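In what follows, a single structure is set out as structure tokens and then discussed.
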Amino acid sequence: MKKILGIFGILLAVYLGTWMLSDIIPGRQSFMSDFNQENLIRRTALFGIISIGVAFVIITGGIDLSIGSVVCLIGCGLPWLLSEHRWPVPLALAAVAAVSLGIGLVHGLMVTKLRLQPFVVTLCGLLFYRGITRGFTRDQTQGFGNEFKELRSLATGEVPLPFVEGFGIPMPWIILAVVGVLASLFLNKTIYGRYLLALGNNEEAAKYSGIDTDRMIILAYVICAGLAGLGGVLFVFDVNSAQPVDFGNFYELFAIAAAVLGGCSLRGGQGTILGVIIGAALMQVLRNMITLVDQIPQNIEYAIIGAVILAGVSVDELVKRVAARRRKWTGTEGEAG
Amino acid sequence: MDTDADSPLLQVSGICKSFPGVRALHEVEFTLGRGEVHAVIGENGAGKSTLMKILAGVQPPDRGEIRIEGRPVTIDSVDAALNLRIALIHQELNLAGNLGVGANVFLGREPTRLGLIDEGVIRRESKTFLDMVGLSVDPATVVGSLTVGRQQMVEIAKALSIDARILIMDEPTSSLSQHETKQLFTVIKDLRSRGVSIVYISHRLGEVKELADRVTVLRDGENAGGLSRDEINHDSMVRMMVGRDISQFYQHEQHAPGEMALEVSGLRTPAHPETTLDFSLRAGEVVGIAGLVGAGRTELLETLFGVAPALQGEVRVAGEVLELRNPIDAIRAGIALVPEDRKRQGLLLEMAVRENLSLASLRRDKRRGGFLNRSSEREITSEMIERLNVKTPGDRQIVRFLSGGNQQKVVLGKWLAMKPAVLLLDEPTRGIDVGAKREIYGLMEQLAKSGVAILFVSSELEEILGMADRALVMHEGRITGEIARADLSEEAVMRLATGGDAMAAAG
């Protein structure tokens, strides 16, 4: 809980700082404009969904580097099926769902049954799905043109707020809320969530306690790839067209960064869904800041993001160490038995 | 006091050291003379290893003084210890298994020429040290390909290469064959005659009797006494180590065994596929498995628990034939295992006491669609904390911060919550203090009384002699004999454990 407050504090600080530097001091309204705020929420929601997915894998002590390429495969594949091959909508959606869940299943099987390292499996996935997508699309941009407006409103639409004009809750935010609540219930209120945390903490001990650890790990990869697929659908609905060469590039790293900022340890066994969502929001506000604040050159974006993540993780580690030391001196001391 | 030729080579006084929840050493005194083999003995958790780690600079003491030849010294790092020519040979060997013998001898101090490692010098010089320990292998041989006994000789050669005058050996024979042990003794005696002082830690009293010039006994982190050469005998050592009548410490009483609980026939484990195992256990029986490290005892328990499924053979619990492919199968049949290495296989160290205690029983919540039943979880947890007398500030305490004994109680509690019919315990009291030990024996006793069949592996003979209704002795994957409580003695167990005659083998 303290951790969530901490990351929320950072989010607030960056948010207010950006407002200050981009709007108040230059005396204009770009950051706080309805358009920008709505867009910020929309992007946060989209990245939040894929970040929740990777959080499950990170909690097991694994990693998924293929997310960006899965976003690309699904994001290009869906318009390819709908616009180019004229598949009926339900069939196309079922197909992309099956493909993304299938990818997760294959990753999970390779990690558990073949005992391959998650890093290697999903790094190969990163290359493989991108290559496949560029192959079947022949590098042609995929999009919906003027069609499928209703379907696209899943990402572009908004739910109007009563008594507020010109500003609505973007649809992806509603989807994120549903995904987040379900993920949070699963992680904290069911035995399976407990099993995931337990095996992330110590896989061998979990196995020795009668937990089918392989099955739980496979499930985590399926959730991750499934949410990456959902993300791919929503991302392409949002922007309308996708280029196979770079659609979803680096998204896995933004997702992993959000999860880590949100309190997931790459050693496994730790993480909260709310923290991950706040982490995703922080990433988007940061990117927004770099775009809008004149003093920051656009081209050092990655350097700033890298520095902020590193700082956040270091501070967290220091705080943890101090807390552990304090605990050592109180609590159990003086008990010789 | 200044430097003085008459002062002992090493003198330690008033050493104190605490870990969270445990007082490991309290006002410990220790003196080591030149060219002396000085044994330090004591039960597990008595503080032997901590004292040695302090001498070798692995851990700093909280308080106390260390003098070498009368001069006070500070040993705050392994480097400092090496500069004082003190070398520690660890229980688990510290060698780079992928490198050659010579490279290991000079690891960290490689002779160089023009900035490159000088293989020629390594080859020539390591050869001399290898000769000193009677190891005739090519210095280029990869260490990982040697037997454990020979690897240990490499460690000793490494110590000699820094011209160590104090050599600390922590349980050096725990994984050696009899033949290798003999060789080690020859080397130790040879080193002594060269003037090297040796601190020898062991709980094999026979070895101590053969080697030691002097014995220091530790108990519960304090000095429990010392013995000079002519006072060293088995009884005096045991009395000092235990500090009380053994019969009082082990509260075991035999009761009428019940129904057949566990029957094992023709079992082949993956670790020792060449042998078959047959034995049985009745409800309420406590059976100990004795043997040397590597005799296949842990592997037997792991096969019974489904971690390493059997290649062949039959296991029955309460008459029913089981297929044990994984721990889930075993748990369903009422078999529970408290593993040897609780930190690796028993505990979620970074999680709370509550989450550890409930872990194995959560499966019952599958009936509720997998949703956790928090109130029943809290109930089980507080019941177990009370029943096992787990000393913890609360059930949200992270397990890592508990003492070894309380951690072990948490592992036990995890299984008691599911009421096992057969309880397998692998070294149930390793590394825990005497108080917790007694509580765990009490608990085993209480479980046996309530009809649980208990099968435990132990390397501590006292524990086998004190707790078992009967003992199975293993050697190189085979059960070499079975000894009834009335006939249990240290000699009888050791003879079978070292592969001596199998005359006591009975059905």
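The values are calculated or read from the model by the stated rules, or taken from the named source; none is laboratory data. All figures in this text were calculated on a predicted structure; none of them were measured in a lab. Because the Cβ atoms are built from the backbone with ideal geometry, glycine has one as well, and the counts that use them run over all protein chains shown. These area figures cover heavy atoms from the full protein model, side chains too; ligands, DNA and RNA do not enter into them. Shrake-Rupley method; radii C 1.70, N 1.55, O 1.52, S 1.80 Å.
Before moving on, here are some points about what is shown:
- Expressed as a whole percent, the accessible surface of the protein assembly as shown that belongs to carbon and sulfur atoms is 56, based on a 1.4 Å probe.
- Dipole of the protein assembly as shown, positive end: most advanced residue of A:ALA311, A:VAL222, A:VAL233 [Cβ charges, Cα centre]: A:VAL233
- Buried accessible area, chains A and B (both chains, 1.4 Å probe, Å² to nearest 100): 3100 Å²
- The chymotrypsin sites (Phe, Trp or Tyr not before Pro) of region A:143-189 meeting both criteria, a DSSP state outside H, G, I, E and B (loop) and at most 10 other C-beta atoms within 10 angstrom of the site's C-beta, are A:PHE163.
- Per-residue ellipticity at 222 nm, computed for chain B from helices alone with -39500 (n - 2.57) per DSSP H run of at least four residues, works out to -9000 deg cm²/dmol.
- The residues of chain A have, on average, 45 Å² of accessible surface per residue, using a 1.4 Å probe with all protein chains present.
- Shielded by partner chains, region A:165-200 residues - at least 10 Å² of accessible area, 1.4 Å probe, vs chain alone: A:LEU185, A:ASN188, A:LYS189, A:THR190, A:ILE191, A:TYR192, A:ARG194, A:TYR195, A:LEU197, A:ALA198
- Charge dipole of the protein assembly as shown about the Cα centre (unit charges at C-beta), most positive-ward option of B:GLY144, B:ASN94, A:ILE277: A:ILE277
- For the protein assembly as shown, with +1 on Lys and Arg beta carbons and -1 on Asp and Glu, the positive-most of B:SER13, B:ALA290, A:VAL179 along the dipole: A:VAL179
- Computed with a 1.4 Å probe over protein heavy atoms only, the accessible surface of chain B comes to 41 Å² per residue.
- Evaluated with a Cβ-only charge set (Lys, Arg +1; Asp, Glu -1), region B:343-419 carries a dipole of roughly 240 debye about its Cα centre, given to the nearest 20.
- This model, with +1 at the C-beta of Lys and Arg and -1 at the C-beta of Asp and Glu, gives the protein assembly as shown a dipole about its Cα centre of some 1680 debye.
- Annotation: lysines with alpha-carbon distance below 27 angstrom to B:LYS414 (same-chain offsets under eight excluded): A:LYS189, A:LYS207, A:LYS328, B:LYS343, B:LYS366, B:LYS391, B:LYS437, B:LYS449.
- Interface burial in region B:335-362 reaches 20 Å² or more for B:ARG344, B:GLN345, B:LEU348, B:GLU350, B:MET351, B:GLU355, B:LEU359, B:LEU362, comparing the full protein assembly with the chain by itself; accessible area from heavy atoms with a 1.4 Å probe.
- Longest DSSP-loop-exposure-free segment, trypsin sites (Lys or Arg not before Pro), chain A, at most 13 other Cβ within 10 Å: A:139-266
- In chain A, the DSSP-assigned H stretches of four residues or longer account for a calculated mean residue ellipticity at 222 nm of -23500 deg cm²/dmol, using -39500 (n - 2.57) per stretch and the full residue count as denominator.
- Considering only chain B, percent of DSSP beta bridges that pair antiparallel, nearest 5: 55 percent
- Other protein chain C-beta atoms within 10 Å of residue C-beta, averaged over B:391-398: 2.
- Of all DSSP beta bridges in region B:10-245, antiparallel share, percent nearest 5: 60 percent
- Region B:10-245, dipole about Cα centre (Lys/Arg Cβ +1, Asp/Glu Cβ -1), debye to the nearest 20: 280 debye
- Computed accessible area, B:GLU119, all protein chains, 1.4 angstrom probe, square angstrom: 120 Å²
- Of A:MET20, B:MET444, A:MET32, the order by accessible heavy-atom surface (1.4 Å probe, DNA, RNA and ligands excluded), from most exposed downward, is A:MET20, A:MET32, B:MET444.
- Quick note on chain B: its Rg to Rh ratio, both from C-alpha atoms and Rh being the Kirkwood radius, is 0.99.
- Spatially proximal aspartates and glutamates relative to A:LYS320 (Cα-Cα < 18 Å; intrachain offsets below 8 disregarded): B:GLU350
- The alpha-carbon of B:LYS127 sits under 18 angstrom from the alpha-carbons of these lysines, leaving out residues fewer than 8 places away in its chain: B:LYS158.
- Of the chymotrypsin sites (Phe, Trp or Tyr not before Pro) found in region B:178-280, not one falls in a DSSP loop while having at most 16 other beta-carbon atoms within 10 Å.
- Once exposed loop trypsin sites (Lys or Arg not before Pro) are cut out (DSSP; at most 14 other Cβ, 10 Å), longest piece of chain B: B:397-507
- Karplus-based coupling profile of region A:231-243, in residue order and whole Hz: x, x, 4, 5, 4, 6, 4, 5, 9, 6, 9, 9, 9, with θ = phi - 60° in 6.51 cos²θ - 1.76 cosθ + 1.60 and x standing for Gly or Pro.
- Within the shell of other residues whose beta carbon sits under 12 angstrom from the beta carbon of B:ARG363, the net charge comes to +4, with Lys and Arg scored +1 and Asp and Glu -1.
- Extending 7 Å from Cα along the Cβ direction at B:ALA318 and again at B:ASP341 yields two label points whose distance is 3.4 nm.
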